[in-house]
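Asker: Once you've had a glance at the structure underneath, I'll fire off some questions.
Every read-out reported here was derived from the displayed coordinates using simple, explicitly stated rules and does not represent laboratory data. As the structure is a computational prediction, the values presented were derived from the model and not from experiment. Heads up, the Cβs are rebuilt from the backbone with ideal geometry, glycines too, and the neighbour counts pull from every protein chain shown.
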Amino acid sequence: MADAVLEMQRCESCRAEFTPRAGPCPRCGGLLSERTSVEPTGRVLAATQLEVPAPGWTAPHRIVLVEVARGIRLLCVVRGALPATGDEVTVGRDGAVYSAV
Ligand SMILES: [Zn+2]
């Protein structure tokens, strides 16, 4: 089951939103950030299936780029059928990996 919201971080200097992480803002290098959240539904911008994935992943490895609210884009793995560009999906998070269904 997907989370009710996805946790994000917002840089207090440039207001960029990004996935929670330790360290500075990936856009401006600012060190101060605040927690935010976003609804976990979005649209698929791109989808692909890798037959020879990186070590640690099994083929076929399905990946989608999903845009959720406020233009936040998340790279997600797909464990079922590969959605098409434009499809609405729900994003969840398992540790450091985002998944879409
Ligand atoms: Zn920043």
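Asker: Once both labels are modelled 7 Å past Cα along the beta-carbon direction, what's the ALA96-ARG70 spacing in nm?
Answerer: Once both label points are built, they end up 2.4 nm from each other.
Asker: For a quick check of your reading of the filter: which GluC sites (Glu not before Pro) in region 1-88 sit in a DSSP loop and have no more than 13 other Cβ atoms within 10 Å? Display every interim value, and only then the final one.
Answerer: Values: sites: GLU7, GLU12, GLU17, GLU34, GLU51, GLU67, GLU88; in loops: GLU12, GLU51.
Here the GluC sites (Glu not before Pro) that fit, given the DSSP loop and packing criteria, are GLU12, GLU51.
Asker: With the chain treated as a Gaussian network of Cα nodes joined by springs under 10 Å, which of ARG79, ARG62, ARG70 yields the largest mean-square fluctuation?
Answerer: Among ARG79, ARG62, ARG70, the largest GNM mean-square fluctuation belongs to ARG70.
Asker: Note down the magnitude of the dipole of the chain about its Cα centre, charges +1 on Lys and Arg C-beta and -1 on Asp and Glu C-beta and zero elsewhere, to the nearest 20 debye.
Answerer: On the way: 11 positive and 11 negative charges, 44 e Å.
Here the size comes out at about 220 debye.
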